[in-house]
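In what follows, a single structure is set out as structure tokens and then discussed.
The values are calculated or read from the model by the stated rules, or taken from the named source; none is laboratory data. Bear in mind the structure is a predicted one, so any value in this text is a computation, not a measurement. All Cβ positions, glycine included, derive from the backbone under ideal geometry; neighbour counts span all protein chains shown.
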Amino acid sequence: MNNQTNRRHLRSTAWVLCTLALAPLAAFAQQYSQGQVPGQPIPAAGGGISFEKTFEVVAAGKWTGPRLADGQPDVQGHWSNTISNHSNFTDPNGGAPGEQRRAGSPPLPPRAERAPSRVSDPVDGQVPFQPWAAEKVKEFQKFFSNPIKPEYIEPLARCAPAGVPKSLYWHGYEIRQYPGYVVFLFNSGTRIIHLDGKPHLPENIKLWQADSRGHWEGNTLVVDVTNNNSKALFGRTGEFASENVHVTERYTFDNSNKRYTYVATFTDPTVYTRPFTVTIPARRWVAGEKPNGWHFETDLAVHDGKEKILERDERICTENNGGFGVTAVTQK
């Protein structure tokens, strides 16, 4: 057992011991966060996944909202996408490949009544794959529910970071800002956007969350994204990019600071026949809203002051966590 594995085991053991020791405090914190008196029943959390079928794209323009000391528009807080999770990239409400609907569930609405594709250009909502790449995606989908090879298992099933752009529609997340930086705290990894004008990393360094260099244009954070290791897929439907992909992102926030729209252009001549555009709507979640098991996984911190401080628990990922393609087979 190497040192890194030893450290992981020690961290896991420490976490379990702390969880057992602090269980009463955690229960109190949950009651407190939901406005309950300790000892009284806790109402069901706002679990489940609620989605919009339509949305308005936030227009670029002047920022009139609050600013931070370094001049950045203040967009810190808790956010999540509004149309679906990562089950299906081009048909967000359509479900994962081979997914069986639960008994008693209503039938899937017609395609025209479901959320639009995350691909907003081309107009057909499909990724413009080269023929070989399109066949690779079809093969992944065919074996998603029965992954007879390691490459048929979505990386998230093995607790890997969700990557670009999937992190933006894989659970809610927090945005924090510091002088010269914007930081995304995902439950599948952290992404740092540098605003200090430094050049990108050397080409031979590849990262799960890529290398991001950005600047503000009015109410829009413009980000240049390179150095992607492209091991993360775009969804359970298997869409992908290569290490050569170049992404230009625009995060446009409305001046009420309640919504933003992500619009990104993906360029990769080794995989696609042309650049394509991805559009993802997002909304802010604030203290006082009902916790939600998908979008808003927070509690109020227990402290002596009156200020409501939201905090997010560290997510513990377990391999073979269902719904990703099974990573273990039953022995005959």
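Is it fair to say Val164 is in contact with a Lys or Arg (Cβ under 6 Å, 6 or more places away or on another chain) and either within 18 Å of Asn228 (Cα to Cα) or outside the structural domain of Asn228 (by TED's automatic domain parsing) (or both)? Spelling it out, it is not the case that Val164 is in contact with a Lys or Arg (Cβ under 6 Å, 6 or more places away or on another chain) and either within 18 Å of Asn228 (Cα to Cα) or outside the structural domain of Asn228 (by TED's automatic domain parsing) (or both). Against the list (1) in a loop (DSSP other than H, G, I, E, B); (2) β-branched (Val, Ile, Thr); (3) over 21 Å from Ser242 (Cβ atoms), the condition Val164 fails is (3).
Scanning the range 227-250 for residues that are surrounded by fewer than 21 Cβ atoms within 10 Å (Cβ to Cβ) and either acidic (Asp, Glu) or in contact with a Cys (Cβ under 8 Å, 6 or more places away or on another chain) (or both) gives a single hit, Glu243. Within the range 86-113, residues that are assigned to a loop (DSSP other than H, G, I, E, B) reach partners that are modelled with pLDDT under 85 and among the small types (Gly, Ala, Ser) with beta carbons closer than 7 Å, at six or more positions or on different chains, in the pairs Ala96/Gly323.
Within the set Glu151, Glu174, the sole residue that is over 22 Å from Thr265 (Cα atoms), at pLDDT 90 or above, in the same structural domain as Pro73 (by TED's automatic domain parsing) and touching a strand residue (DSSP E or B) at 6+ places or on another chain (Cβ under 8 Å) turns out to be Glu174.
For the range 264-290, name all the residues that are outside any strand (DSSP E or B), of a type in the set (Lys, Arg) and touching a Ser or Thr at 6+ places or on another chain (Cβ under 9 Å). Spell out how you get there, then give the answer.
Our first condition is that a residue be outside any strand (DSSP E or B); within the range 264-290, this holds for 268-271, 273-275, 286-290.
Add one more test, that the residue is of a type in the set (Lys, Arg), and what stays is 274, 290.
Residue satisfying the conditions is Arg274 alone.
Quick one: in the range 266-285, of everything that is out of contact with any Lys or Arg (no Cβ under 9 Å at 6 or more places or on another chain) and surrounded by fewer than 18 Cβ atoms within 10 Å (Cβ to Cβ), which residue is nearest to Gly61 (Cα to Cα)? Checked the range 266-285; the qualifying residue nearest to Gly61 (Cα to Cα) is Thr277. Of the residues contained in the range 141-148, one or more are found to be out of contact with any strand residue (DSSP E or B) (no Cβ under 6 Å at 6 or more places or on another chain), in a loop (DSSP other than H, G, I, E, B), free of Cβ contacts under 8 Å to residues at least 24 places away in the same chain and assigned by TED's automatic domain parsing to the domain that holds Arg283. Assigned by TED's automatic domain parsing to the domain that holds Gly172 and within 16 Å of Arg236 (Cα to Cα), is that true of Ser120? For Ser120, the condition - assigned by TED's automatic domain parsing to the domain that holds Gly172 and within 16 Å of Arg236 (Cα to Cα) - is not met. Within the range 55-67, residues that are in a loop (DSSP other than H, G, I, E, B) have Cβ atoms under 9 Å from residues that are of a type in the set (Gly, Ala, Ser) in these pairs: Phe55/Ala115; Val57/Ser120; Ala60/Gly218; Gly61/Gly218; Lys62/Gly218; Trp63/Gly218; Gly65/Ser256, counting only partners at least 6 apart in sequence or on another chain. If the condition is being within 20 Å of the chain's Cα centre (by Cα), in a loop (DSSP other than H, G, I, E, B) and crowded, with 21+ Cβ neighbours inside 10 Å, then the range 199-226 contributes Gln209, Ala210. Among the numbered conditions (1) in a loop (DSSP other than H, G, I, E, B); (2) at pLDDT 90 or above; (3) surrounded by 15 or more Cβ atoms within 10 Å (Cβ to Cβ); (4) not aliphatic (A, V, I, L, M), the only one that Trp79 does not meet is (1). If the condition is being surrounded by fewer than 22 Cβ atoms within 10 Å (Cβ to Cβ) and charged (D, E, K, R), then the range 159-197 contributes Glu174, Arg176, Asp196.
Of the residues that sit in the range 114-138 and are aliphatic (A, V, I, L, M) and in a loop (DSSP other than H, G, I, E, B), which one is surrounded by the most Cβ atoms within 10 Å (Cβ to Cβ)?
From the range 114-138, those aliphatic (A, V, I, L, M) are 115, 119, 123, 127, 133-134, 137; that's our starting set.
Okay, now just the ones that are also in a loop (DSSP other than H, G, I, E, B), so 115, 123, 127.
Working: Ala115: 19, Val123: 8, Val127: 25.
Checked the range 114-138; the qualifying residue surrounded by the most Cβ atoms within 10 Å (Cβ to Cβ) is Val127.
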